[in-house]
Structures are given as structure tokens and as C-alpha cells.
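Shown next, in C-alpha cells, is the structure this report addresses.
Bear in mind that the values in this text are calculations on the coordinates, not laboratory data. It should be emphasised that the depicted structure is a prediction, and the values quoted were computed from it without experimental measurement. Here the Cβ positions follow ideal geometry from the backbone for every residue, glycine too, while neighbour counts run over all protein chains shown.
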Amino acid sequence: MKRTIENVENQFETFQILNEDGEVVNQDAMPELSDEDLQELMRRMVYTRILDQRSIALNRQGRLGFYAPTAGQEASQLGSHFAMEKEDFLLPGYRDVPQLIWHGLPLYQAFLFSRGHFHGNQMGDVNAVSPQIIIGAQITQTAGVALGMKKRGKKNVAVTYTGDGGASQGDFYEGMNFAGAFGAPAIFIVQNNRYAISVPVEKQSAAQTIAQKAVAAGIEGVQVDGMDVLAVYKATQDARERAINGEGPTLIETLTYRYGPHTMAGDDPTRYRVEDEENEWEKKDPLVRFRKFLESKDLWSEEKENEVIENAKEEIKAAIKKADEQPKQKVTDLISLMHEELPQNLQDQMEEYKEKESK
């Protein structure tokens, strides 16, 4: 049995296209992206890094509520999302607000989501649901959405994200098993940033990879360098092609790292991570790696990057101002949104709070 497990684990080598120096090490796997596409990918990564920095500052000022930092995971998040189509359905976790924004959610609404305002959870014409707070719950939901797409004959996919901690949840296995059994067009992306809050991935599972867990569900499994945006894009693009061609779902494990705390709600990563490890992963920074690659092709410059940074700061400033201008949330707002027809107990509460709010 030990030999069998080792044989399985050895099948999941890390897929990579760019090394840490931005050099192409897998030319055959290079995706067909135009120069404009490559520049757009970098623009989104730089913009998202600035958004993360500003969001942390806004949180510390008391102007945002719940926030999970994203720095370090840009290649994993945006490389995978870049392979999606607008009509594909996105089911994010709470750290995946950047994908939601690039999928079409206005930035000011993303800020309102952080504040717990109901308008921040209204997706409108964006094919997405609100970021899931319950760990792993989005996995089973994705299986259902994907099956619905299949039954409607749509050539689209449902894409979801969780962390390595989410891969320890029962919903993770149930969702993959269901999607596999029904051949649903789903892509399950596990962003393995090595820690479920403070618990290292080695203590979460005896398996050497998360990707190998696809074997038990009878679906495709891939482990990819999550700091390599081109590798993540290619792995997701291939998974999408398989899904819409009726070949079923894929589990993608991206090996990545979050440079900040788990969330801004009091987590201190220095209590469970060592400096040498953090320094090692800083050398793998996805922005630095991709910047080197683009500069070698004369597609990026310090001037271009500064333009993106300044534009991001202006748009973030305007978005937080718009969020500040939204009407304050009231209890009656929440009650009115809960049901099409209010049951008697909520009717009573509605009248009670209407009276309080009128004073």
C-alpha cells in the first residue's frame, strides 16, 4: 500500500512555465496570449497588489470591516480568473474578492461587502455569488451550479476557490465526488498557501499533495506553481476546455503564499511562521517574476507600472468615497430582503424596528 501511495504522489509533479527569474522553462506549455493580454495580466496583478495595500490601510483606519489580505496570491487568483469567460460562474471564498472585482463587481460594492452592507452582496448581472465565509461550503455549491449548466446545455464552467484548510473539510470531498459522478463542468481551485490560519498544511493531511485527492473522486488533478501566472492560466484554460467538452471537473492545487496575516482580525503570522520561510517565498514574488519576463520582451517598464499604480490609487479613492455615500444599512432593510412574503414573526419585528428607526 505504501508503494501504491508513493506511485500516486509521484504522478503529481508541479507544473511550471516561468522560473523565479522570469525565464521560460517549459516552452511547449506556453499559452497563446497576445502582447496585450500579457500586459493586461500584469496590470491586474499590480492593481490588485495596490488594492491590497490600500484595503489594509483602510481596515486599520476603521473604514473597512472584514478583510483577508491577498498579497502573494495574485498569480494564483488572477491567472486562473483570466482563463474564465464572462458567462462562467464564479463562487469565491472570502480571500477571493479580486477575482470578483475583475469578473465585474464594482469596486465600491466590494468595499461594502467588507463592511457587511447588503448592497455589497447584490451581484446584479455579475455571474457570481458573494464570497463564502463558511470554509468549504462553496465547493458543494459549485457542483450544483455546474450541474445546472450541464443540464441547460451551456458551454460554460463554474469555478470556485478555497485554501488548503478548505481541502480538509467534508464539503470539499462531497462536492468533488458529486461533480465527478455527474460529469459537471466545475473547476475546483485550492490555493495552498501552506497555512489554514496557523495550522501548517503538513498537519492537515498525510497526503503529499492536495492535487492527488482528485484520484479518489475520479477526476483530473493538477498541481501548479501558484507564483507563476502563466502556469496557473494554462492549467485553468486546459481545465476549462476539458469541462466544456464534456470531460468533467478538475481539481487544481496552486502552490502559493500569503505575505500578510490570515485576516486583519488579529492574526499574527510571526507566531507560527519563521523568517527564513517568509524570505524564501518573497524571492518567488509573482509580480517580480512576471515583471522580469515582460521586461525581457520589452512589454513592461517602470513608467507603465507607475501609471497603473497611480490609476489604482485614484480609482480606490473614488470607490471608497462612493461606498461612504451609500445609505446606512437599517435593520428593516435586512428584514425586507429575507423573504418574498414575511412570516408573522418577522412582520412583528418589521413594525417594531420601523417605529425605532422613525425616531
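Annotations for the structure displayed:
- If both residues of a DSSP beta bridge must be in the chain, then about 10% of such bridges are antiparallel.
- About the Cα centre, charge dipole magnitude for the chain (Lys/Arg +1, Asp/Glu -1 at Cβ), debye: 920 debye
- Helix 344-357 axis, angle to the chain major axis (alpha carbon atoms, nearest 10°): 70 degrees
- Label point distance in nm, residue 181-residue 86, each placed 7 Å from Cα along Cα→Cβ: 3.7 nm
- Convex hull (Cα only) mean projected area of the stretch 109-225, reported in nm² to one decimal: 8.4 nm²
- For the stretch 118-150 and the stretch 28-97, distance of Cα centres in Å: 18 Å
- Residue 307-residue 351 FRET efficiency (beta carbon distance; Förster radius 45 Å; 0.05 resolution): 0.25
- Listed residue pairs exceeding 23 Å between alpha carbons, taken from 86/234; 234/297; 86/155; 155/297; 321/354; 86/154: 155/297; 321/354
- Rounded to the nearest whole angstrom, the semi-axes of the ellipsoid equivalent to the stretch 188-294, taken from the Cα gyration tensor as √(5λ), stand at 27, 19, 11, largest first.
- Label-reachable residues, the stretch 42-57, where backbone N falls under 18 Å from a point 7 Å from residue 30's Cα toward its Cβ: 42
- The stretch 14-65 - charge dipole about Cα centre, Lys and Arg +1 at Cβ, Asp and Glu -1, debye rounded to 20: 800 debye
- Semi-axis lengths, largest first, of the ellipsoid equivalent to the chain are 34, 26, 20 Å, with √(5λ) applied to each eigenvalue of the Cα gyration tensor.
- Based on DSSP H segments of at least four residues, each scored -39500 (n - 2.57), the chain has a per-residue ellipticity at 222 nm of -15000 deg cm²/dmol.
- Förster radius 25 Å - calculated FRET efficiency between residue 263 and residue 121 (Cβ-Cβ, nearest 0.05): 0.85
- Approximating the spin labels as points 7 Å out from Cα along Cα→Cβ, the residue 330-to-residue 280 distance works out to 5.6 nm.
- Neighbour counting of Cβ atoms within 10 Å sorts the residues 190, 126, fewest neighbours leading, into 126, 190.
- Under a model in which nothing but the beta-carbon of Lys, Arg (+1) and Asp, Glu (-1) is charged, the stretch 196-340 shows a dipole of about 380 debye around its Cα centre.
- Contact order for the chain, expressed relative to its length and based on alpha carbon pairs under 8 Å spaced 6+ residues apart, stands at 23 percent.
- For the stretch 23-151, radius of gyration divided by Kirkwood radius, i.e. Rg to Rh on alpha-carbons: 0.99
- Computed extension gain for residue 338 through residue 3, at 0.36 nm per residue and net of the alpha carbon distance, reaches 115.2 nm.
- Shape of the stretch 271-359, Cα gyration tensor, a/c cut at 1.5: prolate
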